[in-house]
Amino acid sequence: MIRFEVRTRGRRFGLFNAMFGIGFIIGPVLGGLLGDYWLRLPFVAAAVLNACNFLLALFILPESHAPTQKTKIDLAALNPLRPLGWVFSMKRVLPIVFLFFIFSEAGEAYGTCWALWGFDVFH
């Protein structure tokens, strides 16, 4: 198993964030260039790159947990609405949750209205 030293951890996190930022710059450029050849080619390229990442993670990265014989999955823990019960039980947090919901909806309204306006104007 590969072990990274603690003294290089900060450097590796910095490199990870740098690669993430470079991806945000190169991705749209690459998508635009591929879209000139075929409108669906950027999506095909993204699917191929995701498949390559999945295969690398599946076959190259080592497993960090030792295998166990008895593995029971708590299906209640997989419920995505379960944390909401915890949040709604704290009465002082509810105004913050409500404000977050309102601000999120206001932020999404712009994109939705832009798409509807563009469809009406440009058919």
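Where a number appears in this text, it was derived from the coordinates with a stated rule and is not lab data. Quantities reported herein were computed from a predicted structural model and do not represent experimental measurements. Heads up, the Cβs are rebuilt from the backbone with ideal geometry, glycines too, and the neighbour counts pull from every protein chain shown.
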In nm, to one decimal, how far is the modelled label at Thr68 from the one at Phe16, with both set 7 Å along Cα→Cβ?
2.4
Order the peptides 103-109, 117-123, 70-76, 37-43 from the highest to the lowest mean number of other Cβ atoms within 10 Å of their residues.
37-43, 103-109, 117-123, 70-76
Label points 7 Å out from Cα along the Cβ direction at Ala46 and Leu84: separation in nm?
2.7
Can you bin the chain into rounded, prolate or oblate? Criterion: square roots of the alpha carbon gyration tensor eigenvalues sorted a ≥ b ≥ c, rounded for a/c under 1.5, prolate for a/b above b/c, oblate for the rest.
oblate
Note the full-extension length gain between Ala106 and Arg9 as 0.36 nm times their separation in residues minus their Cα-Cα distance, in nm to one decimal.
31.0 nm
Ratio of the stretch 79-123's C-alpha Rg to 2.2 N^0.38 Å, to two decimals?
1.75
Put +1 on the Cβ of every Lys and Arg and -1 on every Asp and Glu Cβ in the chain; which of Leu34, Leu78, Cys52 then has its Cα farthest towards the positive end of the dipole?
Leu78
